[in-house]
1. Could you tell me what percent of the accessible area of the chain is made up of carbon and sulfur, with a 1.4 Å probe and every protein chain present?
2. Between Ala34 and Asn8, with labels modelled 7 Å along Cα→Cβ, what's the label distance in nm to one decimal, could you check?
3. What do you get for the angle between helix 14-40 and the principal long axis of the chain? Use alpha-carbon atoms, 0 to 90 degrees, nearest ten.
4. For the chain, what does the helix formula give at 222 nm: sum of -39500 (n - 2.57) over DSSP H segments with n ≥ 4, over the residue count, nearest 500 deg cm²/dmol?
Amino acid sequence: MVAELFENMMHSTPQGMVGVSLIFIYFVIIVSTAFYRIKKGDHLDHH
């Protein structure tokens, strides 16, 4: 999936490159936030 995004990015306009970059950054933020919460144990705290 990521390889396909980068391949499409190489063939696209500057606007397309910015869009793919923003999607990628957003994805990284979501994943890192999820790992942080799992490590912290927030998901186990159901009060």
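The values are calculated or read from the model by the stated rules, or taken from the named source; none is laboratory data. It should be emphasised that the depicted structure is a prediction, and the values quoted were computed from it without experimental measurement. Virtual Cβ from ideal backbone geometry, glycine too; neighbours counted across all protein chains shown. Remember, those area values only see protein heavy atoms, side chains included, never the ligands or the DNA or RNA. Shrake-Rupley method; radii C 1.70, N 1.55, O 1.52, S 1.80 Å.
1. Using a 1.4 Å probe with all protein chains present, the chain comes out at 70 percent carbon and sulfur.
2. Computed distance between label sites Ala34 and Asn8 equals 1.9 nm.
3. Once rounded, one gets 10 degrees.
4. -26000 deg cm²/dmol
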